[in-house]
Structures are given as structure tokens and as C-alpha cells.
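A.B. asks: Okay, handing you the structure first.
The values are calculated or read from the model by the stated rules, or taken from the named source; none is laboratory data. A quick note: this is a predicted structure, and the numbers were derived from the prediction, not measured. Cβ: placed from backbone, ideal geometry, glycine included. Neighbour counts: every protein chain shown.
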């Protein structure tokens, strides 16, 4: 099987190179190989490689910058998935694509299910929602996995930022009124590999393509997330100036950003788990594995 993987240097793309390697010939590209904002170049790449599966973790993820750079965000997050879907349809290939909790406004009191009406708060969320729709309209052979609060050992993320600040400052103030589930890039990659294996198996039943929520289980807020990261580092012998007790909760109104964040980023994963027969580990387990890798890297 020939697999085209975009965004190889991103948090998820980096882990996907590992997870997909045993399943076929993986052609991994980054923005230097193919700019996803260039639809013609993207079409040419797919037509040259002729993959059986396209895995697309590449995205414009600068949430705040997207407010002033919406055109670029739309090109990468909305137009490119549609192009990939059109080319996959022409080849008879499948597309696995990733979306986000930001397609919702966060006003629901309980975790979001796939059938809930999207209502993005900003340009990033709108671009990701438009990408979902473009892909779904271009080919039926699509899997869209919405996830949240992605964290990996490779690349920049909240956990690494908290470790850096905890080494520099005497106290931290972190938002506590936004709920979600930190989801490790390795988990997303391993789930994807499982789906690709299922795609490879011949069978009489049609493959359950469609839209699914896929996050770690459990929930937390950013302040408790930061306390977990700092406590883990201290327990494993890393010197920091801040302890969990010096991480203080604040409201979102005390930490203004260019883009509004959903207060509720919790995604219900029951459909994914029942469809594919998988259990999703608790966010603390996945984050612990990520922190092991981060903290042993000089």
C-alpha cells in the first residue's frame, strides 16, 4: 500500500511516520515539499504518487494569527482537504483527515457528539469546519477525526511552555474555565494506524467512513493540566521554581487573546469506540508518556 502523509514535521505527522511505517510505503511531505496552500501543486503531488491512502494532519494551527490571516488559514485548512478529496475520488483512494473542537462554540453543557451543530467562534474554527465539508463533499471515502488539545514530544505545545515558564518564574496564572482532554499525538497516530489496517482488510461489510470524535478519555482544564505537568516533572527529579501550588487559576477574561476559545472542548467518543472496537486511554496516561520523552530530551 502506498500512503501519502502530509505535515510530517508537525506533532501528529511526526508520530504518524512511526505508526504508519509497518503498513506500507509512506511518502511523507512537509510544506517545503508541497505547499498545501498551492492547490495545483497539491494536485500534481497526488497524481504523481497515486497513493491508496492519503493521511492529512497538515494544518494551519496558529489560532490567534488566523484572525488576521484568514485567507491563508482557509487555503490550507479548507481548500486543501477538498483538493485531496477530489484527487482521492479520481484514484479510488481513501483520505484520513483531522479536525478540531474549535468547530464548536463551547456553549454546550455536556460533551459534543458528531451530530451537534457546529458554530465556530473564529477564523481557525471556520476554516477547519469548511475543510470538513469540502472533504465530505468531494469523496465518500473519507475519515474525519475531530480531536482536541494535542500534545506531543515533537514540536511546540502547552506542556513544553508550562515547563519552560515553571523554570523561569515564581508563579503561574493559567485559565481554569475551559474544559477539554489533552490528547497525545502518539495516540492519534496509533488510532490512525489501526484504521489504515482495517482499510487494508478485505471484507464483505462496507468500511464505516465518516466523521468521528477521537480524544483521550477524561477531562480537565488548562490550570489543572499545567499542575499535572509541573507535578510530574518535579516527581521525576526535574528542578523547577514553581510547584503545582503556585499555579493559580484565572478566568478567560483575565487572559485575552485575539481568537476566542470554546469554554467546552469536550468531545464524546462513544461513536468512535463502538464503531472500531477501541478504548481510549485517560489523558493522564498519554500525557505521562509524552512528558517522559520531553523530560529525557536534553
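A.B. asks: Picking from 188, 144, which residue would you name as being within 30 Å of residue 275 (Cα to Cα) and in a helix (DSSP H, G or I)?
C.D. replies: Numbers: 144 fails: in a helix (DSSP H, G or I).
It is 188.
A.B. asks: Still on this structure: Test residue 82 against the stated conditions and say whether it is in contact with a helix residue (DSSP H, G or I) (Cβ under 6 Å, 6 or more places away or on another chain), in contact (Cβ under 8 Å) with a residue 24 or more places away in the chain and assigned to a helix (DSSP H, G or I).
C.D. replies: Criteria met by residue 82.
A.B. asks: What number of residues within the range 268-285 satisfy the criterion of being farther than 18 Å from residue 185 by Cα, touching a strand residue (DSSP E or B) at 6+ places or on another chain (Cβ under 8 Å) and in a loop (DSSP other than H, G, I, E, B)?
C.D. replies: Residues that pass the stated criteria total 1.
A.B. asks: Quick one: residue 207 ticks every box in (1) within 20 Å of residue 270 (Cα to Cα); (2) assigned to a helix (DSSP H, G or I); (3) touching a strand residue (DSSP E or B) at 6+ places or on another chain (Cβ under 9 Å); (4) modelled with pLDDT under 95 except a single one, so which number is it?
C.D. replies: Tallying (1) within 20 Å of residue 270 (Cα to Cα); (2) assigned to a helix (DSSP H, G or I); (3) touching a strand residue (DSSP E or B) at 6+ places or on another chain (Cβ under 9 Å); (4) modelled with pLDDT under 95, residue 207 fails exactly one: (2).
A.B. asks: Please state which one of 184, 156 is within 20 Å of residue 8 (Cα to Cα) and crowded, with 19+ Cβ neighbours inside 10 Å.
C.D. replies: Of 184, 156, the one residue that is within 20 Å of residue 8 (Cα to Cα) and crowded, with 19+ Cβ neighbours inside 10 Å is 184.
A.B. asks: While we're on this one: Going by what's in this entry, would residue 99 be described as touching a residue at least 40 places away in the same chain (Cβ under 8 Å), crowded, with 20+ Cβ neighbours inside 10 Å, within 17 Å of the chain's Cα centre (by Cα) and closer than 28 Å to residue 201 by Cα?
C.D. replies: Yes.
A.B. asks: Here's a follow-up. Touching a helix residue (DSSP H, G or I) at 6+ places or on another chain (Cβ under 8 Å) and more than 16 Å from residue 158 (Cα to Cα), is that true of residue 218? Break it down stepwise before answering.
C.D. replies: Details: touching a helix residue (DSSP H, G or I) at 6+ places or on another chain (Cβ under 8 Å): yes; more than 16 Å from residue 158 (Cα to Cα): yes.
Judged against the criteria, residue 218 is a match.
A.B. asks: Looking at the range 227-239, can you tell me whether even one residue there is out of contact with any strand residue (DSSP E or B) (no Cβ under 8 Å at 6 or more places or on another chain), surrounded by 15 or more Cβ atoms within 10 Å (Cβ to Cβ), under 18 Å from residue 94 (Cβ atoms) and touching a residue at least 24 places away in the same chain (Cβ under 8 Å)?
C.D. replies: No; the residues of the range 227-239 include none that is out of contact with any strand residue (DSSP E or B) (no Cβ under 8 Å at 6 or more places or on another chain), surrounded by 15 or more Cβ atoms within 10 Å (Cβ to Cβ), under 18 Å from residue 94 (Cβ atoms) and touching a residue at least 24 places away in the same chain (Cβ under 8 Å).
A.B. asks: Suppose we filter the range 210-224 for residues that are touching a strand residue (DSSP E or B) at 6+ places or on another chain (Cβ under 8 Å), surrounded by 15 or more Cβ atoms within 10 Å (Cβ to Cβ) and outside any loop (DSSP other than H, G, I, E, B); how many remain?
C.D. replies: Residues in the range 210-224 being touching a strand residue (DSSP E or B) at 6+ places or on another chain (Cβ under 8 Å), surrounded by 15 or more Cβ atoms within 10 Å (Cβ to Cβ) and outside any loop (DSSP other than H, G, I, E, B): 8 in total.
A.B. asks: Filter the range 35-51 for residues that are within 18 Å of residue 2 (Cα to Cα), buried (at least 18 other Cβ atoms within 10 Å of the Cβ) and either modelled with pLDDT under 95 or in contact with a helix residue (DSSP H, G or I) (Cβ under 8 Å, 6 or more places away or on another chain) (or both) and give the result.
C.D. replies: If the condition is that a residue be within 18 Å of residue 2 (Cα to Cα), buried (at least 18 other Cβ atoms within 10 Å of the Cβ) and either modelled with pLDDT under 95 or in contact with a helix residue (DSSP H, G or I) (Cβ under 8 Å, 6 or more places away or on another chain) (or both), then 42, 46, 51 are the ones that fit.
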